[in-house]
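Since the structure comes first, as structure tokens, the remarks are kept for the end.
No lab work stands behind these numbers, since they all come straight from the coordinates. Bear in mind that the values here come from a model prediction, so they are computed numbers and not experimental data. Heads up, the Cβs are rebuilt from the backbone with ideal geometry, glycines too, and the neighbour counts pull from every protein chain shown.
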Amino acid sequence: MLSIRSVIKDYENHRALNSVSMEIPKGSVFGLLGPNGAGKTSLIRIINQITKADSGEIYFKDEKLQEKHISSIGYLPEERGLYKKMGVADQIVYLAQLKGLSKHEAEKRAKAWFERLEMKSWWNKNVEDLSKGMQQKVQFVATVIHQPELLILDEPFSGFDPINAEMIKNEFLNLNQQGTTIIFSSHRMESVEELCSHIAILNLSEKMLEGKVSDIRKQYSKNCFEITYNNAESIDLNGSSAFQSIGNANIKEGKFVQEIQLNAGFQINDAIAFLMPKIKFNGIKEIIPSINEIFIDQVKNA
Amino acid sequence: MKKIALIIQREYLSRVKKKSFIIMTFLGPLLIAAMYAFAIFLAVNSEDLSDKKKIVVCDETNTLSNIIKSNTQYEFEFSTLSLASLKSNFDSSGNSYLLYIPQKSKNFEGVQLYSDKQPSLAIVKYIEDQLENTLSDQKLAEKGISKKIISELDFDLNIETIRFTEEGEQDGNTSASYMIGMFSSILIYMFIFLYGVQVMRGVIEEKNNRIVEVLISSVKPFQLMMGKIVGIALVGLTQFALWVILTSAITGIIGQKFAQDKSKLMSIEKTIESNNSEKNEPAIAAGEVLNALSTINYPLVIGCFLFYFLGGYLLYSALFAAIGSAVDSESETQQFMMPVTIPLIFSFIISTSTVVNNPDGPVAFWLSLIPLSSPIVMMVRLPFGVPTWEIITSMLLLIAGFFGTVWLAAKIYRTGILMVGKKTSWKEIGKWIFYKN
């Protein structure tokens, strides 16, 4: 869908993007993650053609990114707002027209969205008469009304109340199921990782890692497992060449919980075989690192 | 282009639909008409309005009772009492002034005017004039020149000015040129200020609302800026056109009402004329002005007016847009406004003083070529006659100046609108100009 190749963006005295490349597959929910100041917004603004890259190229559906693609992209910026003294419907129709829709078509689609999101009574109201949550719904409609193939959402859930956030999230996922590619950008990694099929992490203007969420997790999994057992007292589990225990057992709800890490070349079955006669198994669970942990790990190692 | 048209449409409609626009459109002409009516009312009724001022005169020379005359405003009463008793009775006498002329005054030195308030300039001038005339009459009489000869010396000249033009000799009228020039330049000055600031406010509003980033993901910053400038220009032209129509309609009605009372109008004209001749200024009869107004090359003046009107506005509003983009709120605009408003105010002041008095001088020449001042200065010069090559050069320079400022403003604008929550300095704005996109 979108191919970013060696993009460099320099500001006056710092480099915002240092030869960043990434591939955003069609139909994916792509998480663009990284701490504040990593270069996420710079990259998003380049994709939206608000600013230009100093060097490097971007391809949109195998075509060099150009002005005509603007109508195929929907953008919800982090700093978002509306004209306060303008009517809700007028505003949505205006923004849709700027994206290339005809007035008639824009009104028709706006009506459909208003019905769907239960906003019909707001049609003639001024934006300043709406609550903040209502305004966010209006912004959402304005972002998606031209049926973009690519949606770019910069910190989409900041400032949303939980109910609206949930509703908007579901609408986005719904659009994704209909084929819209979505880029989520956030500095709060845990907030989007459950939604994303793919991620890229930016740190200090460089891309640290990129790929399918499941692949990344597998790649960074340390082969750790959590063993829960139900014996009367804690048992020293060491003594196998297949694994070693990490730290001491914790007691959780009257059961013992012990973390173990497999040694290279061994399977979890080897560990289970060793443990079987020793403990009363209650459960076993792989410890999958969160994106947040992977990120912190990466920053520490860098 | 289609997007700019959409932006122009929004900027225009959102402003024209505002209550404040509708109120100002109707209130403006009413205010002008009300002022007009009030002026006529004052002219007609001023004599009834002001109380006659009583002035008691203590004339120790006993020669002036025939010379200082009462008029409609001042009533002089000559008293035989002494100055001391007049002074002590002043409060209870009901007189407004006490004029004292000492016995041994040579050439009326030592004349004093007492009152409980600071006397108005008008009465002081009135008394001084009377005494000065008396003195000069006396001196002339002493030299053997009779009053008859003096009255023959009272000339009222009105020089006819004729210009050599391509169509042959033409009557010129300096006063008419003056009026037209001043009126146009005041209008242009007001238009630039009123609507230029609106452009700035509009930009700040979009920045404050945080809608600007949404917009520029659909349109180019340049399109957004130009759409706003043109849209607001159309608002200004609409308001201006409505004002002209409504004002002429209302003043027409008022004029008719007063015309029914012709004698009163005549008396106004007379008082105006007599006032003028008293100040030794040539009175211009209304007919003469009308005659001169008809000699002015209207297609040229109106054409140039529209050109400089729009050219000046476009040039300045681009700068105002750049200022708006560099700040977060209107209170921060002060430091950036100065360099933009100073050339504007400067050219207005110069054009109403230096240029109008010497429309072909070097100051007028250069200022009517420089794009920042030409819209205002050239309009003052134009009715006096300006060589064609100067007009063309000035227009070309204004067009070039417009493109230059728009280019500069667009560079500042596209960086400025995305800068939120930072205090901007001049140095930074300078750097923005050299940013690549």
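Worth a mention:
- Cβ-Cβ FRET estimate between B:GLN103 and B:ASP156, R0 fixed at 45 Å, reported to 0.05: 0.70
- FRET efficiency for the B:ILE145 to A:SER102 pair, using the beta carbon distance and R₀ = 60 Å, is estimated at 0.10.
- Long-range HN-HN contacts of A:ASN231 with modeled amide H, under 5 Å: A:PHE256, A:LYS280
- Looking at segment A:222-277, the chymotrypsin sites (Phe, Trp or Tyr not before Pro) that sit in a DSSP loop and have at most 16 other Cβ atoms within 10 Å of their own Cβ are A:PHE266.
- Segment B:181-254 and segment A:120-148 have Cα centres lying 28 Å from one another.
- Our helix-only sum for chain A, with -39,500 (n - 2.57) per DSSP H run of n ≥ 4 divided by its residues, gives a mean residue ellipticity at 222 nm of -9500 deg cm²/dmol.
- Percent of Cα pairs exceeding the 42 Å cut-off, where the set is chain B: 40 percent
- Order of B:PHE38, B:PHE348, B:PHE78 - criterion: other Cβ atoms within 10 Å of each residue's Cβ, fewest first: B:PHE38, B:PHE78, B:PHE348
- DSSP bridge pairs, the protein assembly as shown: antiparallel proportion in percent, nearest 5: 60 percent
- The residues B:LYS69, A:LYS84, A:LYS300, B:LYS18, when put in order of fewest to most other Cβ atoms within 10 Å, stand as A:LYS300, B:LYS69, B:LYS18, A:LYS84.
- Low-density loop cleavage sites - chymotrypsin sites (Phe, Trp or Tyr not before Pro) in segment A:35-119, where at most 10 other Cβ are within 10 Å (DSSP): none
- B:ALA5-B:MET419 FRET efficiency (beta carbon distance; Förster radius 30 Å; 0.05 resolution): 0.60
- Greater than 18 Å apart at Cα, pairs in A:LYS111/B:LYS228; A:LYS99/B:LYS17; A:LYS137/B:LYS207; A:LYS84/B:LYS207; A:LYS137/B:LYS19; A:LYS255/A:LYS278: A:LYS111/B:LYS228; A:LYS99/B:LYS17; A:LYS137/B:LYS207; A:LYS137/B:LYS19
- When the GluC sites (Glu not before Pro) in segment A:91-127 are filtered for DSSP coil states and for at most 16 other beta-carbon atoms within 10 Å of their beta-carbon, the remaining sites are A:GLU118.
- Over chain A, the ratio between the Cα radius of gyration and 2.2 N^0.38 Å evaluates to 1.26.
- Highest-MSF residue in chain A out of A:HIS146, A:HIS104, A:HIS187 [GNM, Cα springs under 10 Å]: A:HIS104
- The calculated 222 nm mean residue ellipticity attributable to helices in chain B amounts to -22000 deg cm²/dmol, summing -39500 (n - 2.57) over DSSP H runs of n ≥ 4 and dividing by all residues.
- Mean projected area of the convex hull spanned by the Cα atoms of the protein assembly as shown, taken over all viewing directions: 54.7 nm².
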